[in-house]
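See below for the structure under consideration.
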Amino acid sequence: MSEAATDLGGGVYDVGDALDSGQFDVISLAIATIDRGDTLHGLIMLEGIPALRATPVSRSYLAYCMARERGQVQRALSMCRAIVTTEAMHPAHYLNLGRVLLLARDKERAIAAFWRGISKSAGPEHATLSDWPRNGQRREHDLIMDELRRLGIRKPPPFSSLRRAHPLNKITGKLLARIGFR
């Protein structure tokens, strides 16, 4: 078995053979594997075949896997930011940038990246709801919303002119919560 073999669910698949035989789209399989939380196998699949790294989407997912599995957060951040500048309309890039920012413990920027991803087009103009699952971007919007829900819905800071992390906002927010006004 080649080094690009991986175990998904019920069996072992040789990614190289699958690509040659055309049994399934390897990039879609890798992305689905990563989105299920199995970043190690996704990393193996994306690195196993250099031709897969030609698309910005696969490089974006590769950057997230590198940050999560290898701890190469700074390299992944630079990759994600470069991809976002070249292909800014794809929500998957913002999803992965936000995930990497969370790994870098930059929650504020991660939330901002997720919201930028939500604001991007969820499909072609005049697309119906039945078209959205096929174009894949609706799924990415759902994944971004899942990340935002997991982080929790946040109340606006008491002093909106100051950053959320400003000590005055932190202290005032805690005080208001303690006395029951928040």
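The values are calculated or read from the model by the stated rules, or taken from the named source; none is laboratory data. These numbers come from a predicted model, not from an experiment. In this analysis, Cβ positions are derived from the backbone assuming ideal geometry, glycine residues included, and neighbour counts consider all displayed protein chains.
Contact map, segment 40-56: residues that are assigned to a helix (DSSP H, G or I) paired with residues that are among the aromatic types (Phe, Trp, Tyr), Cβ distance under 7 Å, separation 6+ or inter-chain. Pairs shown: Gly42/Tyr61; Leu46/Tyr61. Just checking, does segment 64-73 include any residue being acidic (Asp, Glu) and assigned to a loop (DSSP other than H, G, I, E, B)? Taking every residue of segment 64-73 in turn, none turns out to be acidic (Asp, Glu) and assigned to a loop (DSSP other than H, G, I, E, B). Consider only pairs whose beta carbons are under 9 Å apart and that are at least six residues apart or on different chains; among these, list those whose first residue lies in segment 80-107 and is outside the structural domain of Ile144 (by TED's automatic domain parsing) and in a helix (DSSP H, G or I) and whose second residue is modelled with pLDDT under 95 and among the aromatic types (Phe, Trp, Tyr). Cβ pairs passing all conditions: none. Residues of segment 64-97 that are crowded, with 20+ Cβ neighbours inside 10 Å, more than 18 Å from Arg36 (Cβ to Cβ) and of a type in the set (Gly, Ala, Ser): Ala76 alone. Give all pairs with beta carbons closer than 9 Å in which a residue from segment 168-182 that is touching a residue at least 12 places away in the same chain (Cβ under 8 Å) meets a residue that is aromatic (Phe, Trp, Tyr); count only pairs at least 6 apart in sequence or on separate chains. If the second residue must be aromatic (Phe, Trp, Tyr), the pairs left are Asn169/Phe159; Thr172/Phe159.
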